[in-house]
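A quick write-up on the structure given underneath.
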Amino acid sequence: MIFLKTEEEIELLRENNILVSQTLAEVGRHIKPGVTTKQLDKIVEDFIRSHGATPAFLGYQGYPASACISVNEQVVHGIPSDDIVLKSGDIVSVDVGTFMKGFVGDSAYTFAVGEIADDVRQLLEVTKEALYRGTAQAKAGNRVGDISAAVQDYAESFGYGVVRELEGHGLGRKMHEDPGVPNYGLRGRGPLLKEGMVICIEPMITMGNRAVVFERDGWTVRTRDRKPAAHFEFAVAIRKDGPDVLTDFGIIEQ
Ligand code: MF3
Ligand code: CO
């Protein structure tokens, strides 16, 4: 069941996703060689709570932390750990959720640690651009498949893999609402996009083969070939005249 949001509800979703953006910006300031992903998780939790919200991921289906922090070959849902120490050349995807005023915020950004290789830099840029290309299709009258195909076509044109096992989703009072938003698919197919829908688009793109493995910790998803993967996510409200992006990467990139 797809819930259409009122203007007031969209503004509450925007408030949440701006707080997520600010949290990601705060984390970004602390990402450097030598920091552990557990330390970054603490920053996320403290920042969210000090702004009057609750970390939406903590306890979600038993998830044990406030952020998902996924390094290099980890695609998504990496569990923060004292044993994971960032080093120059790593990439780190930080996925953050908030709950405030009855609604959820959910966005992710992949950061570079120190100096990264040119081919890894390109993976980050292409994954983010794939998100933007998908987002450009997020308007009333289009279909979910228009978003999916735009993401897939762009990422695959660089020879990258598009992860199939996980997808974007509707966002509202719950973190995962209908519809599912795959990162691969066919133009003109899938659910019709309507004014007032709010969705998260979140390409997970691999430098090598698209196959992934689910680790035995019950959460971490990594590439089978252990090549790096990137993940960017933001929330978008569907409007008649086009996408209304509720997350602000500008805050992170300043
Ligand atoms: N941000 C993730 C998503 O978009 C959810 C994180 S899983 C959790 O689906 F368990 F950590 F919440
Ligand atoms: Co999400």
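Taking all protein chains together and a probe of 1.4 Å, list 217, 90 from the most accessible to the least accessible.
Reading off the accessible areas and sorting them downward yields 217, 90.
Under 22 Å of direct C-alpha separation, and excluding same-chain neighbours fewer than eight residues apart, residue 38 reaches these lysines: 87.
Direction-averaged projected area, Cα convex hull, the stretch 1-86: 7.0 nm², rounded to one decimal. Reported value for the chain: 112 Å³ per residue, from the convex hull of its C-alpha atoms.
At 1.4 Å probe size, with the rest of the protein present, what percent of the exposed accessible area of the stretch 104-154 is carbon and sulfur atoms?
Working: 700 of 1790 Å².
Here carbon and sulfur together make up 39 percent of the probe-accessible area.
For the chain, relative contact order (Cα pairs under 8 Å, six or more residues apart, normalised by length) works out to 24 percent. With semi-axes defined as the square roots of five times the eigenvalues of the C-alpha gyration tensor, the equivalent ellipsoid of the stretch 110-254 measures 25, 17, 15 Å, largest first. With both residues required to sit in the chain, DSSP beta bridges show an antiparallel share near 95%.
Counting only protein chains, not ligands or nucleic acids, how are 128, 38, 101 ordered by accessible area (probe 1.4 Å), most first? Don't skip to the end; give the middle numbers.
Numbers: 128 40, 38 95, 101 125 Å².
The ordering from most to least exposed comes out as 101, 38, 128.
Put simply, the stretch 162-205 fits an ellipsoid with semi-axes of 18, 14, 7 Å; these come from the alpha carbon gyration tensor as the roots of five times its eigenvalues, largest first.
For the chain, which span is the longest to avoid every loop-located (per DSSP) member of chymotrypsin sites (Phe, Trp or Tyr not before Pro) having at most 16 other Cβ atoms inside 10 Å? Provide the component values of the computation, followed by the final result.
Details: sites that count: 3, 158.
For chymotrypsin sites (Phe, Trp or Tyr not before Pro) (loop position, at most 16 other Cβ atoms within 10 Å), the longest site-free span of the chain is 4-157.
For the stretch 55-140, the share of alpha carbon pairs falling in successive 5 Å distance bins from zero is 3, 12, 19, 20, 18, 15, 9, 3, 1, 0 percent.
With a Förster radius of 30 Å, plug the Cβ-Cβ distance of residue 1 and residue 60 into 1/(1 + (r/R0)^6) and report the FRET value to the nearest 0.05.
Working: r = 20 Å, r/R0 = 0.67.
So the FRET efficiency works out to roughly 0.90.
How much accessible area per residue does the chain have, counting only protein heavy atoms and a probe of 1.4 Å, in square angstrom?
Numbers: 10660 Å² over 254 residues.
Result: 42 Å² per residue.
Screening the chain for whole DSSP H helices of 15 Å or more along their axis (Cα) with average Kyte-Doolittle hydropathy at least 0.0 returns 144-156.
The values are calculated or read from the model by the stated rules, or taken from the named source; none is laboratory data. None of these values were measured; they are calculated from a predicted model. Counting neighbours? That spans all protein chains shown, and the Cβs are built from the backbone with ideal geometry, glycine included. Areas reflect the complete protein model, heavy atoms only, side chains present, ligands, DNA and RNA absent. Shrake-Rupley method; radii C 1.70, N 1.55, O 1.52, S 1.80 Å.
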